[in-house]
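One structure is given here, and the rest of the page talks about it.
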Amino acid sequence: MSLDEIFVPCAQIVEKADPLRFRTVMAAPVTARGHLFALYAFNVEVARAPWVTAEPMIAEMRLQWWRDALEEIATGSAVRAHEVTTSLAQTIGPELANTLDHLVAARRWDIYRDPFEDQAHFDRYIDATAGALMWSASAVLGAPPQAEPRVRALAYGAGVAAFLRAVPALEAAGRVPLLDGRRNGVSVLARHALRKMSVPRVPRAARPALWPAIGARVALHRAVRDPLVVADGRLPEGVPNWKLTASALSGRLWL
């Protein structure tokens, strides 16, 4: 089986479950696509693990399965057979396996109905999910270690925008997603995310890993001006086609 064939199942998972990221990968150079698909398919599988069952113990077991797979990658052990783990083992090494373990652990919040403890808890959740994923994708494509803080800062803004889009669904599922769901609280959170966002300096080859953040700044500004768009499910979707095309052609990140 060729490397390209190994990644095909991951591409199919991302195409169905995460069309936004699928579009960004398809705009990337061919040499980058397989590894991005592996990371994004892993993210899809982990993100939906807490939601496929109403039994917390089963959800915990599903997440632990992924943590065990990452430990196998980190220690160089034989990796369990799975269409995503096989591709992921071709993509990441021990350091990124440990990074992604934090992503899986953070998803335990999705299993239960407890609210976030405070702003720091919310920030850790966004960084461990959106931040770990964007940094892992950037690192795989050649971003230097010194870029990590700014990549994670950009991912924080994109992660908050995505989380705000999910608020109506989370509330419908009985979760308490926001520390302060009032209009002013939503506006303050969006401003906080905007202040964190910055464009990291990474090699051009690594910039496709940043493209899922396209459109986040517009969405956050909208939430600042009109916080009701969050509760109403009217927050603009990310990655406008023209900005993605401009980013791919110019090498500059069009947020």
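General remarks:
- GLU117 surrounded by fewer than 21 Cβ atoms within 10 Å (Cβ to Cβ) and assigned to a helix (DSSP H, G or I): no
- Within the stretch 69-95, the set of residues being charged (D, E, K, R) and loosely packed, with under 15 Cβ neighbours inside 10 Å comprises ARG80, GLU95.
- Test: residue in the stretch 35-53 that is of a type in the set (Asp, Glu) and without any contact (Cβ under 8 Å) to a residue 40 or more places away in the chain: yes
- One residue stands out in the stretch 236-248 among those that are of a type in the set (A, V, I, L, M), crowded, with 17+ Cβ neighbours inside 10 Å and modelled with pLDDT of 95 or more: the one that is nearest to PRO144 (Cα to Cα), namely ALA248.
- Meets criteria (basic (Lys, Arg), surrounded by 15 or more Cβ atoms within 10 Å (Cβ to Cβ), touching a helix residue (DSSP H, G or I) at 6+ places or on another chain (Cβ under 9 Å) and within 19 Å of ARG234 (Cβ to Cβ)) for ARG165: yes
- Flag if ALA38 is of a type in the set (A, V, I, L, M, F, W, C), under 29 Å from ALA248 (Cβ atoms), assigned to a loop (DSSP other than H, G, I, E, B) and within 20 Å of the chain's Cα centre (by Cα): no
- Of all residues in the stretch 200-213, those that are among the charged types (D, E, K, R) have Cβ atoms under 7 Å from Cβ atoms of residues that are not in a helix (DSSP H, G or I), 6 or more apart or on another chain, in ARG204/GLY251; ARG207/GLY251; ARG207/LEU253.
- Here the stretch 49-68 is the region considered, the condition is being aliphatic (A, V, I, L, M) and not in a helix (DSSP H, G or I), and the residue that is surrounded by the most Cβ atoms within 10 Å (Cβ to Cβ) is VAL52.
- Close pairs from the stretch 101-114: first without any contact (Cβ under 8 Å) to a residue 12 or more places away in the chain, partner hydrophobic (A, V, I, L, M, F, W, C) and assigned to a loop (DSSP other than H, G, I, E, B), Cβ under 7 Å, at least 6 apart: none
- Odd one out for HIS35 among (1) within 30 Å of VAL188 (Cα to Cα); (2) touching a helix residue (DSSP H, G or I) at 6+ places or on another chain (Cβ under 6 Å); (3) crowded, with 19+ Cβ neighbours inside 10 Å: (1)
- The requirement of being aliphatic (A, V, I, L, M) and crowded, with 16+ Cβ neighbours inside 10 Å is satisfied by LEU178.
- Lone unmet requirement of (1) without any contact (Cβ under 8 Å) to a residue 12 or more places away in the chain; (2) closer than 23 Å to HIS121 by Cβ for VAL167: (1)
Yes or no, residue by residue, for (1) within 16 Å of PRO29 (Cβ to Cβ); (2) among the acidic types (Asp, Glu); (3) assigned by TED's automatic domain parsing to the domain that holds VAL140; (4) over 19 Å from the mean Cα position of the chain (by Cα):
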position: PRO200; (1), (2), (3), (4): no, no, yes, no
position: VAL218; (1), (2), (3), (4): no, no, yes, no
position: VAL224; (1), (2), (3), (4): no, no, yes, yes
position: ARG234; (1), (2), (3), (4): no, no, yes, yes
position: GLY238; (1), (2), (3), (4): no, no, yes, no
position: ASN241; (1), (2), (3), (4): no, no, yes, yes
position: ALA248; (1), (2), (3), (4): yes, no, yes, yes
position: LEU255; (1), (2), (3), (4): no, no, yes, no
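- Count of the stretch 40-95 residues which are in contact with a Ser or Thr (Cβ under 6 Å, 6 or more places away or on another chain) and closer than 24 Å to ALA139 by Cβ: 2
The values are calculated or read from the model by the stated rules, or taken from the named source; none is laboratory data. Remember, it's a predicted structure, so these values are computed and weren't measured experimentally. Positions of Cβ are backbone-derived with ideal geometry, glycine not excepted, and every protein chain shown enters the neighbour counts.
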